[in-house]
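What follows is a set of notes on a single structure, which appears directly below.
The values are calculated or read from the model by the stated rules, or taken from the named source; none is laboratory data. Bear in mind the structure is a predicted one, so any value in this text is a computation, not a measurement. No Cβ is skipped: glycine too gets one built from the backbone with ideal geometry, and neighbour counts run over all protein chains shown. To get the accessible areas, we keep the full protein, side chains included, count just its heavy atoms, and leave off ligands, DNA and RNA. Shrake-Rupley method; radii C 1.70, N 1.55, O 1.52, S 1.80 Å.
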Amino acid sequence: FLTFGNFTETQAAEDATFTFDGLSITRQENTIDDLIDNVTLSLLQDSGATESTLSIEKDDTVAQNGIVDFLNAYNDLKTFVAIQTERDENGEFVETALLGGESLLRETVSAIDDKLTELVSGLTDGAIQTLFNVGISFTDFEGDDETPPVSNIFEVDFDLLQNAFTADFDEVRRLFEFDFVSNSTEI
């Protein structure tokens, strides 16, 4: 028979403390899911190492879904505008076209259209400089019983988008990314 002594030593729990991108982080839990979008870190034990490297693989599906969500939001805006500016066969605004005569609506959508179709500044002189270079194009919606016709809504060719991801994922990312650098001391 084997006998064991009483194990009564207890140790108080400690917060997880680590450095991420030069910033000291402390958490009560060992599962960290708020530092990197769509990444969960599980801290298992103190490795004693002063530095560890984390490698994260790109996920084309997440990026593609983000692009599709963006395009759907744009298409929803265009559909809203079409409903708000719908005219009958006599050229008069229909009863539900509450914003039909608002020039601000037309000007805003026109400005958005201009931004979405222009060359993106700051990209390399490669093949990816507009949405059209990654398989995104315009099409028209003919309309149906509930929605009037809508001109110039986006559609995506998923094969061309995947080819763009494969050719230069970082350039596709930069096409959709907001870059802002300020040289003002007040911002």
Discussion item. When you scan region 73-80, do you find a residue that is in a loop (DSSP other than H, G, I, E, B) and modelled with pLDDT of 85 or more, even just one?
Written reply: no
Worksheet item: In region 32-80, what residues are of a type outside the set (Asp, Glu), in contact (Cβ under 8 Å) with a residue 60 or more places away in the chain and within 30 Å of Asp114 (Cβ to Cβ)?
Response: Ala63, Gln64, Gly66, Ile67, Val68, Phe70, Leu71, Tyr74, Asn75, Lys78, Thr79
Item to complete: Taking Thr61 as the residue in question, decide whether it is under 16 Å from Phe165 (Cβ atoms) and exposed (fewer than 12 other Cβ atoms within 10 Å of the Cβ).
Response: yes
Worksheet item: Tally time: how many residues in region 82-95 are free of Cβ contacts under 8 Å to residues at least 60 places away in the same chain, within 15 Å of Glu146 (Cα to Cα) and either touching a strand residue (DSSP E or B) at 6+ places or on another chain (Cβ under 8 Å) or open to solvent by less than 60 Å² (accessible area, probe 1.4 Å) (or both)?
Response: 5
Fill in: Failed condition for Ile56, given (1) out of contact with any strand residue (DSSP E or B) (no Cβ under 9 Å at 6 or more places or on another chain); (2) surrounded by 10 or more Cβ atoms within 10 Å (Cβ to Cβ)
(2)
Worksheet entry | Which numbered condition Glu118 fails, given (1) open to solvent by 50 Å² or more (accessible area, probe 1.4 Å); (2) farther than 15 Å from Leu175 by Cα | (2)
Worksheet item: Can you name the residue in region 1-50 that is of a type in the set (A, V, I, L, M), outside any loop (DSSP other than H, G, I, E, B) and surrounded by 10 or more Cβ atoms within 10 Å (Cβ to Cβ) and is also modelled with the lowest pLDDT among such residues?
Response: Ala16
Practice prompt. Could you please give the count of residues in region 31-48 that are among the hydroxyl-bearing types (Ser, Thr, Tyr) and farther than 13 Å from Thr17 by Cα?
Written response: 1
